[in-house]
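Have a look at the structure below, then the notes.
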DNA sequence: GTGAAAGCGCTAACAC
DNA sequence: GTGTTAGCGCTTTCAC
């Protein structure tokens, strides 16, 4: 069953059926109604493939996902899906491994299967991106900073986000603010530490190494970090955990010791995961929904900026007592 | 640049170019070489869209992802990507929300954008699936059991997997084996508990409720569960945690108390996440790679079975002392 | 071996 | 308003 069959059954030409299908004007109301009737009766749905060939588009956006998954990228993918679907686009997804091994660039970009490509691979190199760009399609890179802006990128300002959060704590008047960092070698962790130090500096506090503990982003490590901090003397008046999971571990330890939050120790996290709302945890939210939307808009050429940086958003709840 | 241009440049007809592109026989070797030469020189890549229209296929498999993501589905998606790519297919991905709200069934299935659909939504209903099936494309449902097999499904045998694991511990001679379950209302958790009880029964042990603790699949909950277990008396000789995260929490607690693993308490988990290897944790692996492969084969009609059930795989490491 | 020509199912000028 | 027709870029049958 194709557009010709419908045309015959409705007693019109296929041009008219096409007009009706695409809600174009210049069709008499009664003709339109008759055509719809036949379309409904026949349960007809036009072939997207033929339509795409005719229009020379694919309605597909390619997405390359990183090999290792933290949940962050699933969320991002979800918000991209929402935006893409709203705009009538499909998401063609693959993982970086397949992308590299199996000539994704050639297969997808050059052959016209996708109109643009969103790349989410922290380990991507400038050369790889340039290789992908040579097919003449739009490419957008997420969560990766290059020294020169040769391709549109979209990043989160981690330094600013942790600066906002720690400043908030300091402005509230807390004398001592400790930090539980992620692994030393982790880039995000480093940026969050920088934001913390910058905030201290700007508020006339001096950096106290005894208020810094290293964790590994797991719940347990937050638990143990606070325990160590406490073992070294008095706990700081407020603790900034470099992610929510560690904050949760920290809260468990504090609660177990009967230490009141936020009356005795204020607590803040980073990420705003689902659970944080229930725990009333003050934290910073990465605007994932916004990022997905921006990525899609950017790959579709609706946005033109070279380097897009989104700010984290302070989420103030009871755990910081502010 | 299209197939006609290449044909002209190579001084042949487009039929010949098509034969060369598709590695068909009946082309003189020197003609073939000349055509390839032009294709390479021009950096030509045929339009997949046109090819698909001509062949009446789309080379796309649709995948519906669940709204909530546990990491399991990302892994599954990754293995499906691998298999699909190997078979020359693309994965068109969307999330259940978009799928429902925006008429995915009609848009994707009926319009011919995808040749089949893999559905991963734990909350999917029989009616929804039947609705999707009416477009005449193959549909495969993962991780969902229906009372009647009206659609091909692919599931993990959780009961069997935990049975295997607990049997292994019992066969090793451990007198008492405790369990830390997931949330009571969780279906997977229930199945794992059933496997545990079945193993006890088959090995002539009686079920001791004091050796059962409930967790919530988080690391901390495993930690606390063992603590509670210990508070109630002597710890069992071996503990089966219903997932690896809880096992890790349990291990942290035991190590902190200086209890030797596996000499004093043997430990086993479930899932075989990345970290488990490093911790030398005995566990059960869900064959995600195999599942992804099967799902793709099934949706492409390479497999015909109605109900596919895959078995978990015992991964024996040092933590169980066997 | 190779080429001409007829589709695949749709869109969009252009004519009426 | 509606129909005719020429593509979109490829595959494939059938002559030669």
Of these, A:19, A:51, which one is within 12 Å of DNA strand C (Cβ to nearest atom) and away from every other protein chain (no Cβ under 14 Å)? A:19
When you go through (1) surrounded by fewer than 20 Cβ atoms within 10 Å (Cβ to Cβ); (2) in contact with a helix residue (DSSP H, G or I) (Cβ under 9 Å, 6 or more places away or on another chain); (3) within 19 Å of residue A:76 (Cα to Cα) one by one for residue A:292, which number turns out not to apply? (1)
Would you please name the residue that is modelled with the lowest pLDDT, looking only at residues in the range A:22-48 that are loosely packed, with under 11 Cβ neighbours inside 10 Å and within 10 Å of DNA strand C (Cβ to nearest atom)? A:26
Residues of the range B:146-163 being surrounded by 18 or more Cβ atoms within 10 Å (Cβ to Cβ) and part of a strand (DSSP E or B), in sequence order, are B:153, B:154, B:156
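Tally up the residues in the range B:1-58 that are away from DNA strand D (no atom under 12 Å from the Cβ) and in a loop (DSSP other than H, G, I, E, B), please.
Going residue by residue through the range B:1-58, those that are away from DNA strand D (no atom under 12 Å from the Cβ) are B:9-11, B:28-34, B:36-38, B:40-41, B:43, B:58.
Now restrict to residues that are in a loop (DSSP other than H, G, I, E, B): B:11, B:28, B:43, B:58.
Summing the residues that are away from DNA strand D (no atom under 12 Å from the Cβ) and in a loop (DSSP other than H, G, I, E, B) in the range B:1-58 gives 4.
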How many of the residues making up the range B:104-118 are more than 10 Å from chain A (Cβ to nearest Cβ) and either in a loop (DSSP other than H, G, I, E, B) or within 17 Å of residue B:155 (Cβ to Cβ) (or both)? 2
Hey, any hits in the range B:233-241 for a residue that's more than 23 Å from residue B:191 (Cα to Cα) and at pLDDT below 95? yes
Which listed residue, of A:156, A:151, is under 17 Å from residue A:299 (Cβ atoms) and touching a strand residue (DSSP E or B) at 6+ places or on another chain (Cβ under 6 Å): A:151
The range B:80-101 residues that are touching a residue at least 60 places away in the same chain (Cβ under 8 Å) and facing chain A (nearest Cβ under 7 Å), paired with ones that are outside any helix (DSSP H, G or I) and crowded, with 23+ Cβ neighbours inside 10 Å (beta carbon under 9 Å, 6 or more apart): B:81/A:65; B:81/A:93; B:81/A:94; B:81/A:95; B:81/B:91; B:82/A:95
Failed condition for residue A:277, given (1) under 29 Å from residue A:76 (Cα atoms); (2) touching a helix residue (DSSP H, G or I) at 6+ places or on another chain (Cβ under 9 Å); (3) not in a loop (DSSP other than H, G, I, E, B), with all others met? (2)
Checking residue B:121 against (1) part of a loop (DSSP other than H, G, I, E, B); (2) within 16 Å of residue B:295 (Cα to Cα); (3) within 8 Å of chain A (Cβ to nearest Cβ), which single condition isn't satisfied? (3)
Find all pairs meeting these conditions: Cβ atoms under 6 angstrom apart; at least six residues apart or on different chains; first residue within the range A:3-30 and within 23 Å of residue B:107 (Cα to Cα); second residue assigned to a loop (DSSP other than H, G, I, E, B) and more than 9 Å from DNA strand D (Cβ to nearest atom). A:6/A:44; A:21/A:46
Every residue from the range B:66-76 that is in a helix (DSSP H, G or I), within 8 Å of another protein chain (Cβ to nearest Cβ) and either modelled with pLDDT of 95 or more or out of contact with any strand residue (DSSP E or B) (no Cβ under 7 Å at 6 or more places or on another chain) (or both): B:74, B:75
Might you check whether a residue that is closer than 27 Å to residue A:92 by Cβ, surrounded by 17 or more Cβ atoms within 10 Å (Cβ to Cβ) and at pLDDT below 95 occurs anywhere in the range B:5-18? no
When (1) facing chain A (nearest Cβ under 9 Å); (2) touching a strand residue (DSSP E or B) at 6+ places or on another chain (Cβ under 8 Å); (3) more than 16 Å from DNA strand C (Cβ to nearest atom) are applied to residue B:61, the one that fails is (1)
Quick check on this structure: which one of B:299, B:265 is farther than 30 Å from residue B:136 by Cα, modelled with pLDDT of 95 or more and surrounded by 20 or more Cβ atoms within 10 Å (Cβ to Cβ)? B:265
Before we move on, is residue B:97 under 29 Å from residue A:67 (Cα atoms), surrounded by 16 or more Cβ atoms within 10 Å (Cβ to Cβ) and modelled with pLDDT under 90? yes
What is the number of the single condition among (1) surrounded by fewer than 21 Cβ atoms within 10 Å (Cβ to Cβ); (2) part of a helix (DSSP H, G or I); (3) within 14 Å of chain B (Cβ to nearest Cβ) that residue A:216 does not meet? (2)
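Within the range A:164-177, identify whether any single residue is under 30 Å from residue B:46 (Cα atoms), part of a loop (DSSP other than H, G, I, E, B) and at pLDDT 95 or above, and answer yes or no. Lay out the reasoning, then the answer.
If we filter the range A:164-177 for residues that are under 30 Å from residue B:46 (Cα atoms), which is where we start, we get none.
Within the range A:164-177, not a single residue is under 30 Å from residue B:46 (Cα atoms), part of a loop (DSSP other than H, G, I, E, B) and at pLDDT 95 or above.
The values are calculated or read from the model by the stated rules, or taken from the named source; none is laboratory data. Since the structure is predicted, the reported quantities are computational estimates derived from the model, not experimental observations. We place every Cβ from the backbone using ideal geometry, glycine too, and count neighbours over all the protein chains shown.
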